[in-house]
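Input: a single structure, listed below in structure tokens.
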Amino acid sequence: MTSEQPTDVRREAASAVTPEQGATTAEELAYRLRQQELTAEFGLFALKTHDVQALLQEATEVCGEGMKTRLCKVMQYQPDEGDLLMRAGVGWKPGYVGVARAGADLGSPAGYAFQTGEPVISNHLQGETRFRTPQILVDHGVKRAINVLLRSGKDKFGVLEVDSPVQGRFTGTDLAFMQGFANLLGVAIERQRSEGALRTSDAQLRQALEHQGVLTKEISHRVKNSLSIVASLLSMQARASDHDEVRRALADAENRVQTIAAVHDRLWRTEEVHSIDLAEFLGGLCQQFQAAGPEHAVSYDIAPVLISTDDAVTLGLLANELVTNAIKYTSPKAEGDIRLTLTPLGRGELRFEVRDHGPGLPAEFDTTKSKSLGMKLIARLGRQLGGKPVWQNSNPGTRFVLEFTP
């Protein structure tokens, strides 16, 4: 596929630090962005796994990491016993996961969330008067907790809970992350249940397959919507800032998140979620680049190669970083302004190039010493694809080359 098109833009970041750790605005922003990255990564994991227990365990580990705490669990409702069983968890002492139980009544924080559907934030469990503190939390010195309802289709599956033995405050933004994550997990659980239904009856086969396809697309769609919300929040923060540097950093962050959202948008619109046609995928990204930056010309020549979704996501982010970088240093309206090519080399190898007609590389250029987040990200994405990024002066301009085996 060959066409002439243009571009879009991206950010600088800080270490991810939680609000209760005394985070600066930039550090908290990095913390929130990391939460959304983890949600997107879990969405891809959910598309691949066929094991409910592995799904639940991964969910507790990812959610705990997103909330910067070592304690997280999924409590599943047991209708025969009328209580909640710890089905999966991370950070708990041996003998608790698969055994520990909590009340499903209104006097329990988890039970209240389960019965009413309303999330529960308890930032001071020692002084909590609304609910009794479950023994498991006492045993682990938990000082604060968040509980959100976990639905599977129309049914209440149980509760997703994050606990912390560290003093501090869970906020409304933390709750938004938890609820969005629980919604995504609920769809994944329902997908797993539909796969189980596939094996029960030949008569249900076609219907279950169709339902599974809908749920698979719904996962990618929800991840895309979650990322779009984050991008909108970044845009609002950028407009509200009085500092040019902060506005540029937030604009870059917004565009990086939008790129990941665009990938998931394409995923849920396609019939095949495990692989992507690069000619269609990268060509579509170039068209988005054009719409976002009509003052620059972007051409592309992408071979119709199928690669895994994971590699396509990485390559899409790499292309976005490179085109964004080229736009910063290339004069608009130059002939053949920016060009992307992807060529099969044989033996399964691919050669990816991005060339611009800007001023070229400075004499002292050294990627290993660059402090730019963009350059570090480009190097990291190249390594993720299994290749070694190479920068060259193309007289005029700059050429980036990456040879890799997907």
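The values are calculated or read from the model by the stated rules, or taken from the named source; none is laboratory data. Computed from a prediction, not measured in an experiment: that's the story for all the values here. FYI the Cβ positions are ideal-geometry reconstructions off the backbone, even for glycines, and counts take in every protein chain you see.
Tabulated data
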{"read-out": "Any pair with Cβ under 8 angstrom, 6 or more apart, that starts in the range 238-250 at a residue that is outside any helix (DSSP H, G or I) and ends at one that is of a type outside the set (D, E, K, R)", "value": "S241/L250"}
{"read-out": "Residue within the range 342-361 that is surrounded by fewer than 20 Cβ atoms within 10 Å (Cβ to Cβ), within 22 Å of L250 (Cα to Cα) and either of a type outside the set (S, T, N, Q) or modelled with pLDDT under 80 (or both) present", "value": "no"}
{"read-out": "Subset of the range 283-331 [more than 26 Å from the chain's Cα centre (by Cα) and of a type in the set (D, E, K, R)]", "value": "E295, D301, K328"}
{"read-out": "Residue match in the range 79-86 (condition: part of a strand (DSSP E or B), touching a Ser or Thr at 6+ places or on another chain (Cβ under 6 Å) and either β-branched (V, I, T) or surrounded by fewer than 23 Cβ atoms within 10 Å (Cβ to Cβ) (or both))", "value": "no"}
{"read-out": "Criterion (assigned by TED's automatic domain parsing to the domain that holds L340 and either at pLDDT 85 or above or crowded, with 17+ Cβ neighbours inside 10 Å (or both)) met by exactly one of V246, V313", "value": "V313"}
{"read-out": "Top-ranked residue of the range 131-145 - restricted to ones that are free of Cβ contacts under 8 Å to residues at least 40 places away in the same chain and out of contact with any Ser or Thr (no Cβ under 8 Å at 6 or more places or on another chain), ranked as nearest to A59 (Cα to Cα)", "value": "L137"}
{"read-out": "Condition met for T69 (assigned by TED's automatic domain parsing to the domain that holds D155, in a loop (DSSP other than H, G, I, E, B), modelled with pLDDT under 95 and surrounded by 23 or more Cβ atoms within 10 Å (Cβ to Cβ))", "value": "yes"}
{"read-out": "Residue match in the range 97-111 (condition: surrounded by 21 or more Cβ atoms within 10 Å (Cβ to Cβ), part of a strand (DSSP E or B) and touching a strand residue (DSSP E or B) at 6+ places or on another chain (Cβ under 8 Å))", "value": "yes"}
{"read-out": "Pair list, Cβ < 6 Å and 6+ apart or interchain, from the range 61-72 residues that are of a type in the set (A, V, I, L, M) to residues that are surrounded by fewer than 20 Cβ atoms within 10 Å (Cβ to Cβ)", "value": "V62/L38; L71/G91"}
{"read-out": "Conditions (1) at pLDDT 80 or above; (2) outside any helix (DSSP H, G or I); (3) among the aliphatic types (A, V, I, L, M): number failed by A334", "value": "(1)"}
{"read-out": "Top-ranked residue of the range 175-190 - restricted to ones that are crowded, with 21+ Cβ neighbours inside 10 Å and closer than 12 Å to M67 by Cα, ranked as farthest from the chain's Cα centre (by Cα)", "value": "M178"}
{"read-out": "Matching residues in the range 150-165 - criterion: being over 17 Å from G82 (Cβ atoms) and of a type outside the set (S, T, N, Q)", "value": "L150, R151, G153, K154, L160, E161, V162, D163, P165"}
{"read-out": "Residues located in the range 387-406, provided they are among the aliphatic types (A, V, I, L, M) and without any contact (Cβ under 8 Å) to a residue 24 or more places away in the chain", "value": "V390"}
{"read-out": "Where a residue in the range 274-287 is farther than 19 Å from E353 by Cβ and its partner, wherever it lies, is modelled with pLDDT of 85 or more and part of a helix (DSSP H, G or I), with Cβ under 7 Å and at least six apart", "value": "I276/A312"}
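Yes or no, residue by residue, for (1) over 29 Å from the mean Cα position of the chain (by Cα); (2) closer than 18 Å to L317 by Cβ; (3) of a type in the set (K, R):
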position: R351; (1), (2), (3): no, no, yes
position: S372; (1), (2), (3): no, yes, no
position: K376; (1), (2), (3): no, yes, yes
position: L381; (1), (2), (3): no, yes, no
position: G387; (1), (2), (3): no, yes, no
position: S394; (1), (2), (3): yes, no, no
position: V401; (1), (2), (3): no, yes, no
position: P406; (1), (2), (3): no, yes, no
